[in-house]
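Encoded as structure tokens, the structure appears first; notes follow it.
The values are calculated or read from the model by the stated rules, or taken from the named source; none is laboratory data. These figures come from a predicted structure and were not determined experimentally. Here the Cβ positions follow ideal geometry from the backbone for every residue, glycine too, while neighbour counts run over all protein chains shown. We work out accessible area using only protein heavy atoms, side chains counted, and drop any ligands, DNA or RNA first. Shrake-Rupley method; radii C 1.70, N 1.55, O 1.52, S 1.80 Å.
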Amino acid sequence: MPEETIFSKIIRKEIPADIVYQDDLVTAFRDINPLTPTHILIIPNKIIPTAADVNEEDEAALGRMFTVARKIAEQEGLDKGYRLLVNCKEHGRQEVYHLHMHLFGGKQLGNMLPK
Ligand code: AMP
């Protein structure tokens, strides 16, 4: 079994979080340190530590993450667009080792990486 992170406690509602969506496969909650007016994390309920650990059996949850991102973006009024981002391991600057998709929006974002 992969190790639990604080995100497992959020899924189980053992610690407070601003959960905006939850179903049998995924949970979405507001980032505690938002970098944009809308900054939401969408995570699989199953512990998948990183994007480098995904398997075919995870495809339902991974697909659901995109569907939920679209629904939340609509609820948040992000009709001008937004950014979905997954950091992976050390070089990707991943901090929490429970796979998560960032949904950033609510303002004009800059280039993804400095040129
Ligand atoms: P990453 O660098 O991609 O691993 O991003 C981890 C994100 O998790 C950061 O944006 C943190 O602000 C966020 N985060 C860490 N702990 C919590 C928490 N308890 N509730 C909400 N967001 C959190």
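Quick look at the values:
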{"quantity": "Computed lengthening from Asp23 to Ala51, 0.36 nm per intervening residue step minus Cα-Cα distance", "calculated": "8.0 nm"}
{"quantity": "Relative contact order, percent, region 13-81 [alpha-carbon distance under 8 Å, six or more residues apart]", "calculated": "25"}
{"quantity": "Low-density loop positions, trypsin sites (Lys or Arg not before Pro), region 40-102 - DSSP coil, at most 11 other Cβ in 10 Å", "calculated": "Lys80, Arg93"}
{"quantity": "Local net charge near Pro44, Cβ-Cβ under 12 Å (Lys/Arg +1, Asp/Glu -1)", "calculated": "-4"}
{"quantity": "Per residue accessible area of the chain, 1.4 Å probe, in Å²", "calculated": "65"}
{"quantity": "Inter-part distance where region 10-70 and region 76-113 are each reduced to a Cα centre, Å", "calculated": "12"}
{"quantity": "Cα-projected label distance for Lys13 with Asp58, points at 7 Å along beta-carbon direction, nm", "calculated": "2.6"}
{"quantity": "³J(HN,Hα) computed for each position of region 68-77 - Karplus, 6.51 cos²θ - 1.76 cosθ + 1.60, integer Hz, glycine/proline x", "calculated": "5, 4, 4, 5, 5, 4, 5, 4, 7, x"}
{"quantity": "Protein accessible area in the chain, 1.4 Å probe - carbon and sulfur %", "calculated": "52"}
{"quantity": "Given the chain, longest segment not containing exposed loop GluC sites (Glu not before Pro) (DSSP; at most 11 other Cβ within 10 Å)", "calculated": "15-89"}
{"quantity": "Kirkwood hydrodynamic radius of the chain, from inverse mean 1/r over distinct Cα pairs, in Å", "calculated": "14.6"}
